[in-house]
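Everything on this sheet refers to the single structure shown next.
The values are calculated or read from the model by the stated rules, or taken from the named source; none is laboratory data. Here the structure is a predicted model, which means the values were calculated and not measured. All Cβ positions, glycine included, derive from the backbone under ideal geometry; neighbour counts span all protein chains shown. Keep in mind that these areas ignore ligands, DNA and RNA; they rest on the heavy atoms of the full protein, side chains included. Shrake-Rupley method; radii C 1.70, N 1.55, O 1.52, S 1.80 Å.
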Amino acid sequence: MFSTSSRYRFFQKNFQNFVIVASIFCISILSNISLAQDTPVFRIGTGATIGNYFPLGGIIASSISKPVGSRACEKGGSCGVDGLLSVSVSTQGSVSNVIGISNGTLEGGFAQADVVFWALRGEHVFRTRGAIGNLRSVANLYPEAMHLVVGINSGIRSLEDLEKKKISIGPAGSGTNAAAQLLLETRGVRVSKENMFTLSDSESYEAITSGEIDAFFMIAGAPARLVTVLTDRHKAKLLSLSQTDVEILQEIYPFFSGGTIGVGTYKNTSDTLALMVPAQFLVRDDLDNDLVYGITKALWHETTAENLTKGHALGQYITRETALDGLILPLHPGAERFYREIGMIPEVEETFMDEDLEEDQGVSEDGDQVVIDDEISNEINSTDTEEGVEE
């Protein structure tokens, strides 16, 4: 079951070989640069090369970089951090990035807000690993939509229709998987075990094309290339959630919001109501304050905005105005310093409150950012994950 066409296997094999060779080449170059110039490397964990995180990460990495010898910003050169070289690293997605940042195999990375929420609490995909408390926010990036993709002839017209259909809820251990289960459980939709699969995005594409499944979930920024191909070929369409579906999930879980995938985003698809989950830029809490300040400043430089807008369809949604929206974790001190300087965070008024009294009372919020309790600061030392290809 879920066989892959020979044409697709040929493409996949050759593409993987290309990525491996390219990666070795890049690592060699980076090693030479680091040894020759002692250039610090800032690795940004992204996602699969076929997704949105990887190319967006590449644009941001290039924009915040300014290796030794680069031309000055005002002369048309990089406007990044002096002496810094940043690279976009392909990973298995949000869960991998959170773990990698925490244990030091990555300096920064992108993650869905729901994954960040579970990491903070040590729940769902992090239940066996425990809570992660050494992450901090740099910025909110853009909203990702939960796509519920249904076969064109599946007869699925509502969430309830999934009960007797074959569906994929995303790879085990993935953010998509956890969010899809939340939606189904909260709305009382019971799909039998034999009809529920945990396929990667590419596997779901093949399976719905061949008719081996009727629907699948995928969280990604819209338009998602895989969904575009399916709708262009009249193999699938998007299912719109009901207002009740969205409102109930919003009320229970703080990382969900309701949004519309607009008409024209995909071929023959009208306005589609969907759950939205923000994609967020994270770093580890022990990174140098000046470094993170410089990265944040470069992230919101006008040349970065131009690069993002020209380089990717989702780049237009990454704006400084929404940088602090919906953050699950508190800001890194370096990032907070930047936002205070530009007036996005008001200066803290001096008070004469006794520090011990303040501790006794407990502080649950700092501005708009949730503060992590000291009790949940367990560090994760494993990078293994069962997550499939997703953002």
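Table for the structure above
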{"read-out": "Given (1) touching a His at 6+ places or on another chain (Cβ under 6 Å); (2) without any contact (Cβ under 8 Å) to a residue 60 or more places away in the chain, number of the condition R136 does not satisfy", "value": "(2)"}
{"read-out": "Residue ID - farthest from the chain's Cα centre (by Cα), chosen from residues in segment 26-47 that are of a type outside the set (K, R) and at pLDDT 85 or above", "value": "V41"}
{"read-out": "Odd one out for T244 among (1) open to solvent by 10 Å² or more (accessible area, probe 1.4 Å); (2) touching a residue at least 24 places away in the same chain (Cβ under 8 Å); (3) in a helix (DSSP H, G or I)", "value": "(2)"}
{"read-out": "Cβ pairs under 6 Å, 6+ apart, first in segment 301-317 and surrounded by 16 or more Cβ atoms within 10 Å (Cβ to Cβ), second not in a helix (DSSP H, G or I)", "value": "H301/C79; L308/I318; L314/N52; L314/Y142; L314/G221; Y317/Y142"}
{"read-out": "Looking only at segment 322-347, and only at residues there that are acidic (D, E) and over 19 Å from the mean Cα position of the chain (by Cα), the one that is nearest to F255 (Cα to Cα)", "value": "E336"}
{"read-out": "Within segment 199-240, considering residues that are without any contact (Cβ under 8 Å) to a residue 60 or more places away in the chain and touching an Asp or Glu at 6+ places or on another chain (Cβ under 8 Å), the one surrounded by the most Cβ atoms within 10 Å (Cβ to Cβ)", "value": "I208"}
{"read-out": "Any chance R127 is open to solvent by 30 Å² or more (accessible area, probe 1.4 Å) and either closer than 29 Å to N307 by Cα or at pLDDT 95 or above (or both)", "value": "no"}
{"read-out": "Residue selected from segment 161-182 under the condition assigned to a helix (DSSP H, G or I) and of a type in the set (S, T, N, Q), by the criterion most open to solvent (accessible area, probe 1.4 Å)", "value": "Q181"}
{"read-out": "Contacts under 6 angstrom Cβ, first residue in segment 248-259 being buried (at least 18 other Cβ atoms within 10 Å of the Cβ), partner among the charged types (D, E, K, R), 6 or more apart", "value": "F255/D114"}
{"read-out": "Condition broken by T209, with the remaining ones in (1) on the phi > 0 side of the Ramachandran plot; (2) not in a loop (DSSP other than H, G, I, E, B) satisfied", "value": "(1)"}
{"read-out": "Complete set of residues in segment 64-93 that are in a helix (DSSP H, G or I) and surrounded by fewer than 24 Cβ atoms within 10 Å (Cβ to Cβ)", "value": "C73, E74, K75"}
{"read-out": "Number of positions in segment 184-213 that are under 25 Å from the mean Cα position of the chain (by Cα), farther than 23 Å from F110 by Cα and among the hydrophobic types (A, V, I, L, M, F, W, C)", "value": "5"}
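Every residue, every condition in (1) crowded, with 22+ Cβ neighbours inside 10 Å; (2) touching a Ser or Thr at 6+ places or on another chain (Cβ under 6 Å), yes or no:
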| residue | (1), (2) |
| --- | --- |
| P55 | no, no |
| V95 | yes, yes |
| G109 | yes, no |
| G133 | no, yes |
| R136 | yes, no |
| L141 | yes, no |
